[in-house]
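A.B. asks: Following this message is one structure expressed as structure tokens.
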Amino acid sequence: MKKTLVLSTAILMASVTTGLAADKYPARDITNVVVWAAGGGTDLCNRVVSAEMAKILGVNINVTNKTGGVSGSIGMDAVYNEKPDGYTIAGISESVVTAAVQGGWDKRMEVWSPFIIGGSPDVVSVTASAPYKDLKELIEAAKAEPNKIKASASAAGSIHHLNLLALMNGSGAKFNYIPYNGSAPAQNAAMSGEVTVVVTSVAEQQQLLKGKKLRPLGMLTPDSFTVDGVGTIPSSFPDYPKLKEYLPISQAIGFAVRSDTPEDVKKTLGDAFEKALKSDAVKKWTTENYYTVSGKHGKAAQAEFARLESLFGWTLFELGAAKFSPEKFGIPKP
Amino acid sequence: MNKEAMRRADFKTGIILIVLSVLVLVETSTFPMTDSYGGVQNVWYVSPALFPLIIGGVLLVLSVVLLANAIREGGHRGGAGTLSPRRLLSPSEHTVRFGTILLYLLAYVYLFVPYVDFALATFLFLFPFALSFYVDRPDILKKMALIILGLSVIMAVLLLSGVWPRAVESFEYAFEIPLAVLAIAVPVYARRLIGDDPLLARRFLITLIVAIASPLFLFLAFRYGLRVQMPHEGLVADAAEAIRYFFRTPGA
Amino acid sequence: MYVIDQFTSFGLSLYATLISPVNILVLVGATLLGIIFGALPGLTATLGVALLTTLTYGVPTETALIALLSMYVGAVYGGSYASILINIPGTAASAATALDGYPLALKGEAGKALGLTTTASFLGTMFGMVVLVLLSPLIIDLALQFTSFEFFLLAFFGILISGTLSSRDLVYKGWIAGFIGLFMSTVGRDRLQFFPRFTFDISELDAGLEVVPVLLGAFGIPQIIKVLVNRQPLARPKEFARILPEWGTIARNAKHIVRSASIGVGIGSVPGIGEDIAGWVSYGVARNTSKHPETFGTGEVAGVVSSETANNACIGGALIPLITLGIPGSPPAAMLLGALMLHNVTPGPMIEFEHPGFILELTAILLLASLAMWGLGITLAKQVVKVLKLPAQVFMPVIAVLCVIGSYSLGLNVFNLYLMIAVGIVAYFLTEMEYPISPLVIGVILGPMADENLRRALMVSEGSFAPLFQRPVCLLLLVVIVLTVMSQIPACKRAKERLTDRVLGRKPRNASMDVD
């Protein structure tokens, strides 16, 4: 009795595994393991795009969240340890590039082949009651009194912090950086007047800009940006040409498969990815939420992540906030 | 616990807590005090050491008070007798029961759940655990615990030696199939032990039903109802997937 | 005028929601699921809302909102079931309910306690909802007064409250437990400078210890061990015909309900903290202001009512900053924010321009969800009490499995299981030595908030403590803190008594009689 049961189970299992492997990709549901918590920007982007890709691929894409570790290392490690068959993908953002220098895991970004959905550009804003009408006034005031004007920009080492640092380096102004645990509390502090300046993304600030709770001064991108009801926010580059040396540092939200995934699987995913980004649902979502769509995948996306990795790694190292030197992993200087 | 035993416990806890808080303070002293870190200006009040220093300090004071009170009330006397060889050889019933529970919880969380299919792992935990305490016969408690203890030791050895991961690499169910056999064998063996006491036989049946139904229900509800991945998906999860794809052809 | 307008459009929203049978089905179904989620130890409101977010992606916005809010309301309420019946809080929000709810159940009054919490939760939700509609502009102005100093004082107050939940053995055992919790909260990257503290190069410790596994370990595991080791049966309920709303008892506790509901809304509207703390603070305040604080912890009805009213009132409170500023007021509200953004609704000051009538729609759903919750609660409670007839020896191992899957599900992190068991074993020994466990959990929840905000506040003020005495909200919080501390010191209590005696013209009591 026992023997028959074991035998039949074994046969069933064997047939299932081989049966599935024989089919062409995708033959079963795909799992997207987002390394950040549910409800955040990375999670939302991945859910919206995964839903469209699922329609195109004809299978479900289950979006789950596996959080924790250093810069999303637990989630990345879990996906990395799965078979590179394209059935488990990692939902990531630019922040994961610091996992190695922060001691989270021992691999560089080259192990991934990312599909970059895009991100929202960063904007410099001030408290609504602040006296500064444009970026020049703010920078001049900051130059007159270095380290006096308080600025918030999410957590230390975050993308917004790097943007603030780039603004300081490019303009020569010195702000007193006050860290907050996330963009929402950083913006809250700017509203309540605890700090004067806040650097976060347009997507995160849009409601506060429209509601006149914050006043936008300039974009940290080469192009200006239009927000309904607020008008066009000018780029900061014309006034401070030196910014070009440091910026733009833009978000790169998306997902990734292991780079040793078979090429045909990557191609199937890439085609579905491109189609999904062109779909009405994704277009509507990205415009209404002020995301700039990138759509890079393959070599271009890998190059983008390599650039971010060296930028983040070396900046953190120079700030004394990295655990290991980027050299340890052979990460080149930006 | 009576007052005397309480003070003896306080005496020991006091010492442990003093050691702990001193360790906290020592570790904290390695934190950056006034030098900048992470691009944030630093002064004493910004230092990440500030809060742990306060906590460590207060904890130290509180544990000294605890220790002093325990000594004043005689807690330091007779405390050494707890680990006498006689007590180790014939532990009290309380200790045996507590040790058994600990064994089940540790085996389940540290060994079964991370490496074995969730439903299977849960059955292997739930059935002998609930049965031991529900049937409440010392011999069954002991025999079931020995099975789980043996299994845990074997699993730990296989995992630590690297045999487990290598075997699973070549055949996914290398260990799950023997475990599934064990999952069938344990109830059969337990039923024999119980004999023909009708009350215990009924309890056996209830335990068996609960131990089969609850893992299956939880697995199905979480995996398919709420789309939560299980810690480890193996035999049972793959079987469920196979059944699902039998009825639904993807890609169509 | 404003009020009448609000009410008319409110009626319209209510009507619009009610005419769709699908909506009603979703409403009742999600509330029921929420109650089940809350009632099962290990499954929390945050997890429930997070999981439903995924499932409701494809459905229309209104239906999704109904599902999510009903889940939220149901789960916060459902937590009281496990607290009362088996002394393992189903959610952090209802941990304070266990302190008096379980003793009530031991007396055979489980049915009565559940009836009371049902009505208290209902009234709390309604109160929060009314404040949301009528007072949200005012509350927001107040919430914007909260800078780092205020956040620090609030966290400090919460920690102080937990210190008053003292041990039966030695008073300072509560403080020891609290400081162990605070220490645990410092593990992981410090939030200001990103410096890793006490992580010992273990990458799982980098993000810090999560609250849910700590909570489940601290409350669940010791209870499971105790019941099994000591052959404790589950609390036997008295036979009763049906669960009554007990309007009489509710009316007698009106004072507690109003105060707790206000505390709940207030705490909910402060960004970052929510139901978990609201229940504790409300319970602590009820105990501290009571004429007979010694009855708390022995089955005091006022204690159960206070914590359950506050945690449900918190929902309305948490929605205020969420909707008007886009800042979630509690962890489940943070999930809700994500869900709204998925449906292209970005909450914030412009919400009424971009989505006219949105706030009222939300309120209408909240009203319906709390009605569904009340109806289901009153009907279900009697059936749920039957759970207590199950053999504890089979029931507790199943609870252990639930704790495992609950710790794992939010974040799919196996490390949280290891953490839960380790915390659980330590907590078992601590409870055996009569350390109260709640201060430990509160320490873990509030530690980072106190730490981060104190240091940031000093950073902003450049080392000066002056703002503590200059900012109005700070002063208010300071006064409350000083009063709480004074009420704990016997000498102050006696002085107060003497003062009231003298004012009332009574003869001062003999001083020697006060010495205990």
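A.B. asks: Would a scan of region B:150-157 turn up a residue that is of a type in the set (A, V, I, L, M), in a helix (DSSP H, G or I), without any contact (Cβ under 8 Å) to a residue 60 or more places away in the chain and crowded, with 18+ Cβ neighbours inside 10 Å?
C.D. replies: Yes, region B:150-157 has at least one match.
A.B. asks: So, one more: For region A:205-234, which positions are touching a strand residue (DSSP E or B) at 6+ places or on another chain (Cβ under 9 Å) and among the charged types (D, E, K, R)?
C.D. replies: The answer is A:K210, A:K213, A:R215, A:D223.
A.B. asks: Next question, about the same structure. If I filter region C:152-178 down to residues being more than 10 Å from every other protein chain (Cβ to nearest Cβ), in contact (Cβ under 8 Å) with a residue 12 or more places away in the chain and not in a helix (DSSP H, G or I), which single residue comes out as surrounded by the most Cβ atoms within 10 Å (Cβ to Cβ)?
C.D. replies: If we take residues in region C:152-178 being more than 10 Å from every other protein chain (Cβ to nearest Cβ), in contact (Cβ under 8 Å) with a residue 12 or more places away in the chain and not in a helix (DSSP H, G or I), then C:L165 is surrounded by the most Cβ atoms within 10 Å (Cβ to Cβ).
A.B. asks: Among A:S113, A:S95, which is the only one that is in the same structural domain as A:A322 (by TED's automatic domain parsing) and part of a strand (DSSP E or B)?
C.D. replies: When all the criteria are applied, what remains is A:S113.
A.B. asks: In region A:158-203, which residues are more than 10 Å from chain C (Cβ to nearest Cβ) and in a loop (DSSP other than H, G, I, E, B)?
C.D. replies: A:G172, A:A173, A:K174, A:F175, A:T196, listed by residue number.
A.B. asks: Can you name the residue in region C:179-210 that is assigned to a loop (DSSP other than H, G, I, E, B) and among the small types (G, A, S) and is also nearest to the other protein chains (Cβ to nearest Cβ) among such residues?
C.D. replies: Of everything passing the filter in region C:179-210, C:A207 is nearest to the other protein chains (Cβ to nearest Cβ).
A.B. asks: Looking at region C:280-297, which of its residues are under 14 Å from the mean Cα position of the chain (by Cα) and not hydrophobic (A, V, I, L, M, F, W, C)?
C.D. replies: Those that are under 14 Å from the mean Cα position of the chain (by Cα) and not hydrophobic (A, V, I, L, M, F, W, C): C:S282, C:Y283, C:G284.
A.B. asks: Here is a further query. Of all residues in region A:220-244, which are among the polar types (S, T, N, Q) and either assigned to a loop (DSSP other than H, G, I, E, B) or in contact with a helix residue (DSSP H, G or I) (Cβ under 7 Å, 6 or more places away or on another chain) (or both)?
C.D. replies: Passing the criteria: A:T221, A:S224, A:S236.
A.B. asks: Filter region A:69-98 for residues that are farther than 26 Å from A:N289 by Cβ and at the interface with chain C (Cβ under 9 Å from one of its Cβ atoms) and give the result.
C.D. replies: Once the filter is applied, which keeps residues that are farther than 26 Å from A:N289 by Cβ and at the interface with chain C (Cβ under 9 Å from one of its Cβ atoms), region A:69-98 yields A:G69, A:V70, A:S73, A:I74, A:D77, A:A78.
A.B. asks: With respect to the numbered conditions (1) more than 21 Å from C:T46 (Cα to Cα); (2) surrounded by fewer than 24 Cβ atoms within 10 Å (Cβ to Cβ), which one is the sole condition not fulfilled by A:I92?
C.D. replies: (2)
A.B. asks: Go through region C:210-239 and give me each residue that's modelled with pLDDT of 85 or more, surrounded by fewer than 21 Cβ atoms within 10 Å (Cβ to Cβ) and touching a Leu at 6+ places or on another chain (Cβ under 9 Å).
C.D. replies: Correct list: C:E210 only.
A.B. asks: Could you check region C:346-422 for helices (runs of 4 or more DSSP H) lying wholly inside it with 2 or more residues that are more than 14 Å from chain A (Cβ to nearest Cβ)?
C.D. replies: Per the criteria, C:358-385, C:392-409.
A.B. asks: Going through A:L209, A:L217, A:L247 one at a time, which residue ends up being within 29 Å of A:S171 (Cβ to Cβ), in contact with a helix residue (DSSP H, G or I) (Cβ under 6 Å, 6 or more places away or on another chain) and either part of a loop (DSSP other than H, G, I, E, B) or within 14 Å of chain C (Cβ to nearest Cβ) (or both)?
C.D. replies: A:L247
A.B. asks: Tell me whether region B:49-62 contains one or more residues that are at pLDDT 80 or above, in contact with a helix residue (DSSP H, G or I) (Cβ under 8 Å, 6 or more places away or on another chain) and surrounded by fewer than 16 Cβ atoms within 10 Å (Cβ to Cβ).
C.D. replies: yes
Each row is one residue, and each column tells you yes or no for (1) modelled with pLDDT of 90 or more; (2) among the aliphatic types (A, V, I, L, M); (3) outside the structural domain of C:S370 (by TED's automatic domain parsing); (4) part of a helix (DSSP H, G or I).
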position	(1), (2), (3), (4)
C:E294	no, no, no, yes
C:A310	yes, yes, no, yes
C:L319	yes, yes, no, yes
C:I323	no, yes, no, yes
C:A334	no, yes, no, yes
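A.B. asks: Another one. Enumerate the pairs (first residue in region C:459-473 and within 20 Å of C:L144 (Cα to Cα); second residue anywhere and of a type in the set (D, E)) with beta-carbon separation below 6 Å, excluding pairs fewer than 6 apart on the same chain, so at least 6 apart or on different chains.
C.D. replies: Partner pairs satisfying both residue conditions: C:V460/A:E194; C:V473/C:E150.
A.B. asks: So A:G41 clears everything in (1) at the interface with chain C (Cβ under 8 Å from one of its Cβ atoms); (2) under 21 Å from C:T53 (Cβ atoms) except one condition, right? Which one?
C.D. replies: Here A:G41 meets the rest and fails (1).
A.B. asks: Next question. How about region B:169-181: which of its residues are in a helix (DSSP H, G or I), under 24 Å from the mean Cα position of the chain (by Cα) and more than 10 Å from chain A (Cβ to nearest Cβ)?
C.D. replies: B:L179
A.B. asks: Among the residues of region A:137-157, write down those that are part of a helix (DSSP H, G or I) and either within 11 Å of another protein chain (Cβ to nearest Cβ) or in contact with a helix residue (DSSP H, G or I) (Cβ under 6 Å, 6 or more places away or on another chain) (or both).
C.D. replies: A:I139
The values are calculated or read from the model by the stated rules, or taken from the named source; none is laboratory data. Since the model is a prediction, treat every value here as computed from it, not as a measurement. Heads up, the Cβs are rebuilt from the backbone with ideal geometry, glycines too, and the neighbour counts pull from every protein chain shown.
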